Each structure stands twice: as C-alpha cells, then as structure tokens.
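Coordinate-derived values only; no laboratory data. Just so we're clear, the structure is a prediction, and the values are computed from it rather than from any experiment.
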Amino acid sequence: MTHPTVSAAADIESFTEFVERIQPMLRNALVAVVGPDLAGDAVSEALAYCWQRWDRVREMENPTGYVWSVGRSIGRDLIKRQGGDRSALSAWPEVPCASPPLIEPGLPIAFARLSERQRLAVFLIHGYEWTYREVADLLGVSVPTIQKHAERGLAKLRRALGVTQ
C-alpha cells in the first residue's frame, strides 16, 4: 500500500483549505456571469484545473483571482457548448408572480443587460454584501474601479426599472 509523502499530504491539506475558503465566493461570483445552472460546473472544473497546477497556483500573488479567471473562461465555454450566444442570466428561472412579488419582475432582464463587471459588482456588493476590496481582489482591479462599476450598474438598473432616488 502506497502512502502519500509528507509533501503530497501537505499539498492536499493546503488545497483543501483553499477550496473551503474560496468555493462559496467563487460560485456566487460565477452565478452573476454564467447563471445558476452552470456556476457549479464551472467552479468544479476550475478547481480541478487548478489542483493539477497547485504547485504554481499556490505561489501566485492572487490565486483566488486566477481561479476566478479560469472559472469564468470555463463557464463561457459551457455556455457555448449549450448553444452559444445567450445572455449569461437567461438560464435564471423566471420570477414567480406572488402577491406582493419577492423581487421586481423586471430585475432579471435589466440585470442581464449590465456589463459583466457591472453585474458582478452590483451582485456581489449588494446581493452578497461583499466589500469593494473583496470584489477588487477577485477581479484584480482597484477599489475605485469597482466603485465605478457598482455605481454605473445601479444607475442603469434604476433607469431600466424607473426607480428614482
């Protein structure tokens, strides 16, 4: 019976800790890009890809950002395999008409029309209460850049939904 070396066991442990820390946030971020149906598959494939390269990935300055980029690319490939150029959010289930509605019925359509970065900023900051710093770190951009994306995305949503402040 072969036992893993101490180094291999440490690799497994460090990767497991990394996955436990980033998997939920990575899934949330990918939902905003590829929709809820494909986000889980994109996360799984991205983490498998990174495990194969863990010796390099763990030494990166921003391994979470790298896994995010891999997951986004995989998610886009999954969309193409399912028929191509549909909106990232078109796979979201329709909002059931309740009285009163749980969310504004026009929100999914307006949300899908935002740019990817605006959608991510609004979704993660206002939907999941991430900080601007957390989103900036994930995307590898500055905090002011994320603030602009969030501001512009909210402004577009307000216009599309006829909301005044």
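Overview of values
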| item | result |
| --- | --- |
| Region 110-165 pair-distance distribution - Cα-Cα, 5 Å bins, rounded % | 4, 24, 32, 23, 12, 5, 1 |
| Length-normalised contact order for region 10-84 - Cα pairs under 8 Å, 6+ apart - percent | 37 |
